[in-house]
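The values are calculated or read from the model by the stated rules, or taken from the named source; none is laboratory data. Note that the structure is a prediction, hence the values are computed from the model and not measured. Cβ placement follows ideal geometry from the backbone for every residue including glycine, while neighbour counts extend to all protein chains displayed. When the accessible area is computed, the model is the full protein with side chains, heavy atoms only, and any ligands, DNA or RNA have been set aside. Shrake-Rupley method; radii C 1.70, N 1.55, O 1.52, S 1.80 Å.
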Amino acid sequence: MRILVTAFGPFDGRPENASSLALRGLKKSFPKILTRVLPVDSVVAPARLKHALERIRPTALIMLGEAAGSKKIRLETTAWNELDFTIPDNAGRQPLSQPIIPGAPASLASTLPLEKIHARLTDLGHEVCFADDAGRYLCNQVFFVARHFLGQQPIEIPAGFIHLPLAHDYPTDQAVAALAAVIGSF
């Protein structure tokens, strides 16, 4: 399988992003997975993700981000066609109440095997939940862009978004173990 796993770089003044820390650890455990760290930039990140999808043509896409305030791994069920940033991205952009893709559906569902992933993580003792709101920031944006782009391709691949708690709330080694289990679900 050609699994592409993405994460985000730091933003909002923090030196690290829990998703890129976990991605780095995951790459050590699974050197054959394909990875990309996306910038927290509402123009560059979606363009780089689409470019990676066109070039790599993965058989599965797992997108990662961090969720401040969450103590659980959040399996995102729904991507929403809306940008409504509460803080600017790293380029200073702060779109408010705008569609990501005008004319596209209001929402798109994850195509990851979420029930299977949830059961596997729960069995391994990870704190995990389903969530239907990935926010209206970059995480939701790349989730929606990827699902919309992949939905127009002739073959549907599993694709979805997983939010990790901040590293001080959920140690990176635990997040890596959880993501290894997610990859084992394919």
Practice problem: Starting from residues that are part of a helix (DSSP H, G or I) and surrounded by 16 or more Cβ atoms within 10 Å (Cβ to Cβ), keep the ones in region 168-179 and report whichever is nearest to the chain's Cα centre (by Cα). | Solution: L179
Exercise. Kindly establish whether D89 is at pLDDT 95 or above and among the acidic types (D, E).
Key: yes
Quiz item: Can you tell me which residues in region 18-36 are part of a helix (DSSP H, G or I) and open to solvent by 30 Å² or more (accessible area, probe 1.4 Å)?
Solution: L21, R24, K27, K28, S29
Self-check item: Matching residues in region 118-136 - criterion: being of a type in the set (A, V, I, L, M, F, W, C) and open to solvent by 30 Å² or more (accessible area, probe 1.4 Å)
Solution: A119, L124, C129, F130
Quiz prompt | Residues that are outside any strand (DSSP E or B) and either among the acidic types (D, E) or touching a Cys at 6+ places or on another chain (Cβ under 9 Å) (or both), drawn from region 73-110 | solution = E82, D84, D89
Quiz item: Which residue out of P15, P39 is of a type outside the set (S, T, N, Q), surrounded by fewer than 18 Cβ atoms within 10 Å (Cβ to Cβ) and at pLDDT below 95?
Solution: P15
Quiz item: In region 2-16, which residues are touching a residue at least 60 places away in the same chain (Cβ under 8 Å) and in a strand (DSSP E or B)?
Solution: I3, V5, T6, F8
Quiz item: Can you tell me which residue in region 137-156 is surrounded by the fewest Cβ atoms within 10 Å (Cβ to Cβ), limited to those that are in a loop (DSSP other than H, G, I, E, B) and either of a type in the set (S, T, N, Q) or at pLDDT below 95 (or both)?
Solution: P154
Quiz item: Is it true that L96 is closer than 19 Å to V5 by Cβ, aliphatic (A, V, I, L, M), over 17 Å from the mean Cα position of the chain (by Cα) and open to solvent by 50 Å² or more (accessible area, probe 1.4 Å)?
Solution: no
Practice problem: Could you run through region 42-72 and say how many residues are assigned to a strand (DSSP E or B) and buried (at least 22 other Cβ atoms within 10 Å of the Cβ)? | Solution: 7
Exercise. Would you please name the residue that is modelled with the highest pLDDT, looking only at residues in region 42-59 that are in contact with a Lys or Arg (Cβ under 8 Å, 6 or more places away or on another chain) and of a type in the set (V, I, T)?
Key: V43
